[in-house]
1. With respect to residue 210, is the statement that it is under 22 Å from residue 24 (Cα atoms), without any contact (Cβ under 8 Å) to a residue 24 or more places away in the chain and either surrounded by fewer than 15 Cβ atoms within 10 Å (Cβ to Cβ) or under 16 Å from the mean Cα position of the chain (by Cα) (or both) true?
2. I'm checking my understanding of the structure. Among residues of segment 58-96 that are under 23 Å from the mean Cα position of the chain (by Cα) and in a loop (DSSP other than H, G, I, E, B), which one is nearest to residue 202 (Cα to Cα)?
3. Name the residue, out of 111, 99, 141, that is surrounded by fewer than 19 Cβ atoms within 10 Å (Cβ to Cβ) and part of a helix (DSSP H, G or I).
4. Quick one: in segment 183-205, which of the residues that are part of a helix (DSSP H, G or I) and either out of contact with any helix residue (DSSP H, G or I) (no Cβ under 9 Å at 6 or more places or on another chain) or of a type in the set (A, V, I, L, M) (or both) is modelled with the lowest pLDDT?
5. Among the residues of segment 144-182, how many are assigned to a loop (DSSP other than H, G, I, E, B), under 20 Å from residue 87 (Cβ atoms) and either in contact (Cβ under 8 Å) with a residue 24 or more places away in the chain or among the β-branched types (Val, Ile, Thr) (or both)?
6. Considering only segment 24-48, state which residues are among the polar types (S, T, N, Q) and farther than 15 Å from residue 76 by Cβ.
7. Consider segment 185-211. How many of its residues are over 26 Å from residue 138 (Cβ atoms) and aliphatic (A, V, I, L, M)?
8. Could you identify the single residue in 238, 201 that is more than 12 Å from the chain's Cα centre (by Cα) and farther than 27 Å from residue 44 by Cα?
Amino acid sequence: MNTWWLSNQILIQSTFISLLLALSIQVPLRAGVFSFAGIGSYAIGAYTAAILTIRYQVPGIVAIGAGVLLAAAIGYLLALLVARLSGLYLGMATISFALFLGVLATNGGDLTGGATGLFGAISTVTTEHVIAATVVVVVLLAASERGAFGRKVDAVREDPQLAVSLGVDVIRVRRVVFVVSGALGACAGGMNSLLRTTVSPETIGFHLVVTALTMIIVGGALSWAGAAIGAVIFTWLPTVLQSVGEWQLLVYGLLVAIAAVYVPNGLLGLLQTGWRRLRRRGRRIPAEGAAAPTGVVVQEDPESELAALGGPTTEARP
């Protein structure tokens with residue numbers, strides 16, 4: 001076990017970081033907000049942690065926390081800016097936000113390292129820190145999917161106008177998911193840059209949007225568990241597909257296409273549907289197999305039989 005753990009350190013780290021990145025998009029989608037601002041926040045967290053660690057020798061945990069707070073504040077301001085947008089227009093606006101940050105990093109001069117990026121962001125952040133942070137996030141998100149707040153988020157996603165009529169503050173919910181999305185994306189970016197000791201514009205490009213969205217589509221968009229399934233699959237899938245050689249990208253694309261077409265609710269939705277069917281079948285079999293108690297004779301009512309067959313019945317006698 002220890003040998004496997006040491007030989008797969010990078011993949012284990014990437015799995016949990018990818019989960020945080022996917023959650024930064026899944027949280028808004030669950031509220032019906034088509035936003036990719038979490039990808040831009042990933043860049044904010046990555047560069048903030050690297051700059052503070054390299055330039056000012058700030059401890060890694062503090063540097064990541066600073067990036068999370070900065071991204072959360074920017075996420076709130078972005079929510080105010082795009083308050084009137086929704087659907088594809090909101091998606092395009094938030095993608096533009098992420099691309100703008102990539103251009104800003106490329107042209108940031110000595111502060112961001114320009115096109116080559118920053119190197120030497122050495123810290124004490126370990127795999128255990130990444131796992132602990134991700135577990136805390138997952139526990140909090142799992143709790144938010146239940147109770148009153150979870151029902152509010154579901155109402156906002158299904159019918160915002162109905163949610164308003166029920167007294168739900170839709171605008172407030174949208175702002176909250178933008179802030180949470182920013183914090184999650186920045187946490188993922190900060191930990192990744194300090195674990196890899198480097199960050200560059202190439203690591204924060206549009207490919208992150210594709211990767212995170214693919215994880216959610218295949219895994220399931222309505223729960224953190226779907227994002228977790230997608231993160232595990234698409235972090236370890238390239239290693240599994242090494243045996244197919246140059247056909248790896250083709251097989252990868254076919255798997256994504258098949259999942260999108262035939263499993264529209266993601267693998268999590270497929271598992272939930274199968275579980276519900278098994279539970280219903282388990283309840284139905286005992287009910288159908290139940291027999292009358294021993295020694296009890298069940299007498300048929302001829303009039304009820306006639307009524308069932310559609311025949312005439314006698315009037316009730318006084």
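The values are calculated or read from the model by the stated rules, or taken from the named source; none is laboratory data. Please read these numbers as outputs of a predicted model, since none were measured by experiment. Note: ideal-geometry Cβ built from the backbone for every residue, glycine included; neighbour counts use all protein chains shown.
1. On the way: under 22 Å from residue 24 (Cα atoms): yes; without any contact (Cβ under 8 Å) to a residue 24 or more places away in the chain: yes; either surrounded by fewer than 15 Cβ atoms within 10 Å (Cβ to Cβ) or under 16 Å from the mean Cα position of the chain (by Cα) (or both): yes.
So residue 210 fits the description; yes.
2. Top of the filtered list is 82.
3. Details: 111 fails: part of a helix (DSSP H, G or I); 141 fails: surrounded by fewer than 19 Cβ atoms within 10 Å (Cβ to Cβ).
None of the others qualify; the one that does is 99.
4. Our first condition is that a residue be part of a helix (DSSP H, G or I); within segment 183-205, this holds for 183-196, 201-204.
From what is left, the residues that are either out of contact with any helix residue (DSSP H, G or I) (no Cβ under 9 Å at 6 or more places or on another chain) or of a type in the set (A, V, I, L, M) (or both) are 183-184, 186, 188, 191, 194-195, 204.
Working: 183: 97, 184: 97, 186: 97, 188: 97, 191: 97, 194: 96, 195: 95, 204: 89.
Filtering first and then ranking leaves 204.
5. Start the filter on segment 144-182 by keeping residues that are assigned to a loop (DSSP other than H, G, I, E, B), which leaves 145-146, 159, 166-169.
Cutting the leftovers down to under 20 Å from residue 87 (Cβ atoms) gives us 159, 168.
Restricting the remaining residues to those that are either in contact (Cβ under 8 Å) with a residue 24 or more places away in the chain or among the β-branched types (Val, Ile, Thr) (or both) gives 168.
Of the residues in that region, 1 qualify.
6. Of the residues in segment 24-48, the ones among the polar types (S, T, N, Q) are 24, 26, 35, 41, 48.
The answer is 26, 48.
7. 0
8. Details: 201 fails: farther than 27 Å from residue 44 by Cα.
Answer to the selection: 238.
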